[in-house]
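What follows is a short report on a single structure.
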Amino acid sequence: MIAITKILPRYAETDKMGIIHHSVYAIWYEQARTDFFNQIGLRYDEIENNGIMTPLVELNCKYKKPAYYNQEVEIKTKIIELTPVKFTLEYNIYDTNNNLINIGKTTLAWSDSKTFKIINLKKTNPDIYEKLKQLVEKE
């Protein structure tokens, strides 16, 4: 499944050249990740309320073209890897002309919200794991 998030870049997100600052992409990935989970019916806050946290363990960002203030971008998000202890999402960001401007990936671990120790989601929450696994297999 690919979730779509539309963002209208704000002036505060630009640098002196009027281009979206490189640091903003990580924030956009987070918004797209939230939208992805909402769209598949697994709200992120509900997962956290079940005692599961997802600390970020890796972030990759490749800039292909600039994004600009007030020019809407579309982020296409999909889960590309799932193991019992972590998952990876890919974000492809397009401008209004459907040009690919950015590719990002984030890897997050499954951890216990009280101890912050890595958990095996397949064992602790098999229903969540199976739902996510089905999404990866559809790709």
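Every number here is computed from the coordinates shown, using simple stated rules; none is lab data. What you see is a predicted model; the values in this text were computed from it and never measured. Methodologically, a virtual Cβ is constructed for each residue, glycine included, from the backbone with ideal geometry; neighbour enumeration extends over all protein chains shown.
Our coupling estimate for the range 37-43, obtained by passing each phi through the Karplus curve with A = 6.51, B = -1.76, C = 1.60 and θ = phi - 60°, is 5, 4, 5, 8, x, 10, 4 Hz, Gly and Pro reported as x. Per-peptide packing, taken as the mean over residues of other Cβ atoms within 10 Å, places 90-103, 122-135 in the sequence 90-103, 122-135 from highest down. Taking Cα atoms, how many degrees apart are the long axis of helix 126-138 and the longest axis of the chain, rounded to 10 and kept between 0 and 90? So the inclination is approximately 50 degrees. Remark on Ile52: its backbone amide H falls under 5 Å from those of Ser113, a criterion applied only to residues 5 or more positions apart or on other chains, H modelled at 1.01 Å from N. Across all directions, the average projected area of the convex hull around the alpha carbons of the chain is 8.5 nm². Measuring against 28 Å, Cα to Cα, the residue pairs Lys65/Lys122; Lys6/Lys133; Lys16/Lys105; Lys62/Lys133 contain Lys65/Lys122 as the ones spanning a longer distance. Note on Asn38 and Ile19: the extension gain reaches 3.9 nm, defined as 0.36 nm multiplied by sequence separation minus the Cα-Cα distance. Among the trypsin sites (Lys or Arg not before Pro) within the range 1-84, those in coil by DSSP and having at most 13 neighbouring Cβ atoms inside 10 Å are Arg10, Lys16, Arg43, Lys64.
Remark: the Cα gyration tensor places the range 5-59 in the prolate category, a/c being 1.5 or greater and a/b exceeding b/c.
Only DSSP H runs of four or more residues enter the estimate; each adds -39500 (n - 2.57), and after division by the residues of the chain the mean residue ellipticity at 222 nm equals -8000 deg cm²/dmol. Only Lys, Arg, Asp and Glu carry charge here, each on its Cβ (+1 for the first two, -1 for the last two); on that basis the chain has a dipole of about 260 debye about its Cα centre. Distance between the 7 Å Cα→Cβ label points at Asn60 and Ala26: 1.7 nm.
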